[in-house]
1. From the residues 215, 62, 152, which one has its Cα farthest along the dipole of the chain in the positive direction, the dipole being from +1 and -1 charges on Cβ of Lys/Arg and Asp/Glu about the Cα centre?
2. About the Cα centre of region 213-368, how large is the charge dipole given +1 on each Lys and Arg Cβ and -1 on each Asp and Glu Cβ? Please answer in debye to the nearest 20.
3. Can you return the lysines within cross-link range of residue 147? Criterion is Cα-Cα under 29 Å, with same-chain partners fewer than 8 residues away left out.
4. Assuming R0 = 30 Å, can you tell me the calculated FRET efficiency for the pair residue 331 and residue 547, based on Cβ-Cβ distance, to the nearest 0.05?
5. Report the percentage of all Cα-Cα pairs in region 1-61 whose separation exceeds 18 Å, rounded to a whole percent.
6. Taking each full run of DSSP H in the chain as one helix, which ones are at least 30 Å long along their axis (Cα atoms) and have mean Kyte-Doolittle hydropathy of at least 0.0?
7. Can you give the Rg to Rh ratio for the chain, taking only C-alpha atoms and Rh from Kirkwood?
8. Give me the number: length gained by fully extending residue 498 to residue 561, i.e. 0.36 nm times residue separation minus the C-alpha to C-alpha distance, one decimal in nm.
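Just so it is clear, none of the values below were taken in a lab; they were calculated from the coordinates. Note that the structure is predicted; figures quoted are calculated from it, not measured. Using ideal geometry, Cβ is built from the backbone for each residue, glycine included, and neighbour counts are taken over all protein chains shown.
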Amino acid sequence: MAVVRLSHCVVFSALSYTWGSQVRDVAIHCDGAQLLITRNLAHALLRIRSEQTARVLWVDAVCINQDCLQERAQQVGLMRRIYECATSVVIWLGEASEDSPSAFRLIKQIHEAAVNESGNGSPSDRPLDAEELRNRNLPNPQSSDWKAIEKVWRRPWFRRIWIIQELVLANRAMLFCGSSFVTWEQLETAAWFIHRHSLPVNYTVFVTELSIHKIEYRTQRHPLLTLLVRTSASEATNPRDKVYGLLGICSETDAKEIVPDDEKPIPEVFLDVALLHLRRGNLGLLTALADPRWRLTPCLPSWVPDWPYDPRVMPLGYLPGMNAGSNLMSQVRFSAADNALFVSAVIVDRIRIVGRWMTLSSSEIVPGRVLENIMDGHVFLVMRSHVLNQWRRLAQGVTTYPTGDRPHEVFCRIVIANAFPRPSGGNGSMYPTMDELFQATVDTSLQPVDTNASDRIWQEHPAVKRGVSPAEVRAASVAYADALTYASPDRRFFISKKGYMGLAPRSARPGDFIVVLAGGKTPFVLRHNKKDAYKIVGECFMHGVMNGERVVSVNAFEEIKIV
């Protein structure tokens, strides 16, 4: 082991891996002393060593005293420089499985096919049939090799929070799985090819998102809050690392405000992050709040995001056109005595009735399962259609809407949080209506697997009879369904006491308050806690409030206490 200055030009590689089991039961010898490391790290060191030349490596478990919390915290501040200075980053995915060598061979073949396709002109974005795959030296869609790639994508490394900055900062990166290896460029090129051509590999988004992160975060340092929201599904054994693992790539202003400390209680770490943003008047932090049922960290105020959760729920406040109270300056103060937040707010309504909550995936239909095949996906779509139909039946009880809009048109906009781009140009009167797009989403979800029924829906669509092509109708319907998939999961349709309709968090219930906060992009659902205090249930969408319509006067606001 050698101690060097990072300012010196030292040729070394940095290792990126997962610990796996936390048990350190494999002994290695370092500087004449015995050091215990994890079994997964031991496998990595054996596999990536060179028989010809000595290889200089930086490995966290060897170069940082893991038993000294202060040293660990200090080294977090050096992570950016370490991975930036490394000649290359070696990524260890783990030992080989029975089919991982086939997966790595196919990744290289796909990379070659993608390069050839790019060289022949603009790459297409359409599915490839068996013959087209064969012409590209790729297996048919039924080959088990595609599933082997999916198994590689599902390895723990791709979900680890620390790997984001390790990959973003890498000058070059090589991935090893047993004795197989590919470059990062080969892997990401293959992933984008799979994505473009809708090839039968799930979880490709794990790689394409990392590819986007690597390009975007290397050239621009984003606010910590932005990174926390975008990486919320990443995992960390130590919950503090959901914050600390991003300090190397977040804005320098934010990085200086957060001092890594593995001895600080987890709730205090998350409280510090929340106060960092709220004291700047940034109520966007509240948009990141998960539904209470997802919150895992005890003793956390309801207004502090719990970052370890995997929400799979997209914040409404990040959609365009959300201006419920953002035109007003936020007024926030904090009471350290009881960790209470005082904000300027106006109570606009209360929830009268709620619908069923929209499922996230088949894992909530059958606990422990995920969408592993077409039939699972169909089950999810059918369940979604049942929920949408129940919501529509509730909405049919609203005969007039407070804003004067048609209630059913309002309903069709609510389920997508009004986040649907209308096409530019063309004949707007011929374009599919919101009612028609909603109905197409329900109808296609209910079609049996492997039939041409969906194609018939586009051919017989009312808009086609008005002169719109089936392809345009299908594209519009897919865009509508995508918007619905963003806005509705893990939320409930609701009707307020004043007759407004909207989307609320899954945990919302009748009697909850709909509140607009000064400086907040969306309304929020609040619940009386005790005395005059409230707890935040989460953000919501309520048609007729999203553009500040209910904020008629600054004098209408009052200070409320949130705990």
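1. Among 215, 62, 152, the one farthest towards the positive end of the dipole of the chain is 215.
2. On the way: 17 positive and 17 negative charges, 105 e Å.
The dipole magnitude comes to about 500 debye.
3. 108, 214
4. That gives a FRET efficiency of 0.90.
5. Working: 768 of 1830 pairs.
The proportion of pairs with Cα distances above 18 Å equals 42 percent.
6. On the way: long enough: 374-395 (31 Å, 0.20).
Sorted by number, the helices that extend far enough and score high enough are 374-395.
7. Over the Cα atoms of the chain, Rg/Rh equals 0.99.
8. Working: separation 63, 0.36 × 63 = 22.68 nm, distance 2.43 nm.
20.3 nm is the gain from fully extending residue 498 to residue 561.
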